Structures are given as C-alpha cells and as structure tokens.
Amino acid sequence: MIPFNKLVCDDIEPVRRVMESGEFILGENVSSFEREFAEYLGAGYCIGVASGTDAITLALMALGIRGEVIVPAFTAYPTIIGVLRAGARPVPVDVLASDGTLDWSQVKIGVHTEAIIPVHLYGNRCQINVDAIIRPRIIEDCAQYAGRGYVGDVAAHSFYPTKNLGACGDGGAVVTNNFNVAETVKYNRNYGQIVKHFYQEVGLNSRLDELQAAILRVKLKRLDEQNSRRREIAEIYRRKIDLPIMNQTDSLYHLFVIRHPDRTRLRQRLHEKGVETSVHYPYAVHKQRAYKMKGEYPVAEMLAREVLSLPMYPTLKNEEAEYIADMVNQCV
C-alpha cells in the first residue's frame, strides 16, 4: 500500500538539546529560526506563532482589520476561521478552474472591503497584481507555499507536519517587511504583553515553541532540496497522467492534485490497487455549516466535487510514482 503522505524526521539531536536545556518557550531556537526563515524568504521580519490559522488572525489584528475580507471560495477552511477570529467578515470570491487560486476578475472592492487574502493553493502561487490594489491590505495565505517572493503587506505561514516545511506538531509564522506590524504580532502572540505583566492589547496565547523551532531549523536547510525532489516526482506524474492537473508548472507541489468527474469511483479503484489518496477540499467554504451563506460559486463547487490529491512527499520513490500514474490512467 502506497500511503498518501509519509512524514520523516531523521534528526532528533535538536530535540535532545532542547530537552536538556529546559528552555521551552520563546528561547534561542525560536529567535534563530525567525531570523533564518526571514533571510530565506528575503523578508524583513518573521514572528513564530502557534499555527498558520493564528498567523492569519494575528496579521489581521496587527493591521487593524475588522471589516470585510475577500477570500477564495475554495480553500482550507482554517483560512476563514482565521478571519472570523480576528473579528472580521469573510467575503468569498470564486476561483480559477485551472489551479484553484483566487479569480481576480471576480473581485469587487466595496466600501467595507479592508483586506484581501489570496491563498497560494497546493503550492501554486496566486498571481497578485498589486498595482491594481490601492486601498485593501493584502495578507497572503502561504500555508501551502513555503517559498520566496511574497508581495503583500503580510504573509501567513503554516508548519503543520505535512507542509513542505513542516514541524513535528503545529506551528506557524507571520512574515512582513513592516516593523510596526512585526512588533504588534510579537506581543499579541504572547497575550498582548509588551513586557512581563504589562498588557498592551487583548492578544492570544500563540507561541511557536522551542522544540518545533529546533526541528524547523534543521528542516529549513533541506527545504530547497526537498522541493526539488517534489518537482521530480511531479514531472513523472505530468508525463504520464492523462487527466486535468491543478498544479502550475512552477508549483512547489505541496500537493499534487488532479480532477475527475467521478472522483469517488476513482478513489475506490485506486485504493484497490494499493494507492491511497485524499481530497483537498470536499466542500467550498460557503457550504460549511459553520459559515453557511448564500451565493453562487460554480467553479469552487465544481472543484470540491472533482479534485483528488495523489501521494506527494520527498521520500516517494520514482518507481512508486510511475506505478501511481499508471494506476490512475488504468482506473479512470
């Protein structure tokens, strides 16, 4: 059986050192990782937080966003949760059928629009024309894109274990070139404390811990190599699979996603052939019970019915990728 994903952590020495140090919260590993990740991205500041969802919430809080926030109608639902927890109102917009990213032609800036959250889905970069965006702030959801080149006011990253840069637990980061935003996030992740026992604002308990930061420092050194390996696997899939592919050619391939009108049948047949798959995501955001709203988003709803994620991780062998591609073609 070829699993959908496989997590590997082959270096436990950083964990041992943290355990021996007895320093577990906001220590040297967190500050070092923040500096190293900012340098990797070419950004001014990085603030480690507890999750990618918290990164969105804290970014919105730091920018003072409480009005309408445009979001893609097809994304991981935590994008929406991050907006709601900041006290703002998500406004879904339909997406592109080609790669699932925000369809800018559908974006309508209203008098209450304060921000836009483009999501870099599946490792695909959402194309952002910043010259056309004047008033709303841009908070990039980079939960599925640990790559260089962000152009918005703030970028929110996730280090969930399955991500290209994944920890061995939850973790996230806010990345920005704005010093004031960075400082605000820094104290709001720690209850709103500027100094111990002095609270500037009502913040969150959202700190990246030392253990995860130590692991991320090791894995960051291997990120480019592992992204290259993902591209090699994707090339095998692209060469052989005869179905629509949701990934851009320059994707970082957090996921490799295809489309098929009878996804349930295809999944079952692949399972019978020993290939595990997953679905990202089976519901458009406006269909979620927690945030059910009226509106028509036909592309998002079509993708929710058809997308299927194939195994994609750096330790997947070439022969396994060849077999998976062959079975996809055989099972359609």
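The values are calculated or read from the model by the stated rules, or taken from the named source; none is laboratory data. Quick caveat: nothing in here was measured; it's all calculated off a predicted structure. Methodologically, a virtual Cβ is constructed for each residue, glycine included, from the backbone with ideal geometry; neighbour enumeration extends over all protein chains shown.
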Exercise. Scanning for something on the phi > 0 side of the Ramachandran plot and either touching an Asp or Glu at 6+ places or on another chain (Cβ under 6 Å) or of a type outside the set (A, V, I, L, M, F, W, C) (or both), does the range 8-25 turn up at least one residue?
Worked result: yes
Seminar exercise, completed: Of the residues in the range 189-203, those that are in contact with a Gly (Cβ under 8 Å, 6 or more places away or on another chain) and hydrophobic (A, V, I, L, M, F, W, C) number 1
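Yes or no, residue by residue, for (1) among the β-branched types (Val, Ile, Thr); (2) at pLDDT 95 or above; (3) farther than 25 Å from residue 201 by Cβ:
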residue: 16; (1), (2), (3): no, no, yes
residue: 21; (1), (2), (3): no, no, yes
residue: 24; (1), (2), (3): no, no, no
residue: 34; (1), (2), (3): no, yes, no
residue: 41; (1), (2), (3): no, yes, yes
residue: 54; (1), (2), (3): no, yes, no
residue: 59; (1), (2), (3): no, yes, no
residue: 62; (1), (2), (3): no, yes, no
Exercise. How about the range 292-313: which of its residues are of a type outside the set (Gly, Ala, Ser) and more than 20 Å from the chain's Cα centre (by Cα)?
Worked result: 292, 293, 294, 296, 297, 298, 299, 301, 302, 305, 306
Exercise. Can you name every residue in the range 33-88 that is under 18 Å from residue 286 (Cβ atoms), surrounded by fewer than 23 Cβ atoms within 10 Å (Cβ to Cβ) and among the aromatic types (Phe, Trp, Tyr)?
Worked result: 77
Exercise. In the range 1-25, which residue that is in the same structural domain as residue 164 (by TED's automatic domain parsing) and in contact with a strand residue (DSSP E or B) (Cβ under 7 Å, 6 or more places away or on another chain) is surrounded by the most Cβ atoms within 10 Å (Cβ to Cβ)?
Worked result: 24
Exercise. Of 291, 253, 313, which residue is farther than 30 Å from residue 90 by Cβ and of a type in the set (Ser, Thr, Tyr)?
Worked result: 313
Problem set entry | The listed residue being among the polar types (S, T, N, Q), touching a helix residue (DSSP H, G or I) at 6+ places or on another chain (Cβ under 6 Å) and not assigned by TED's automatic domain parsing to the domain that holds residue 86, out of 278, 228, 251 | 251
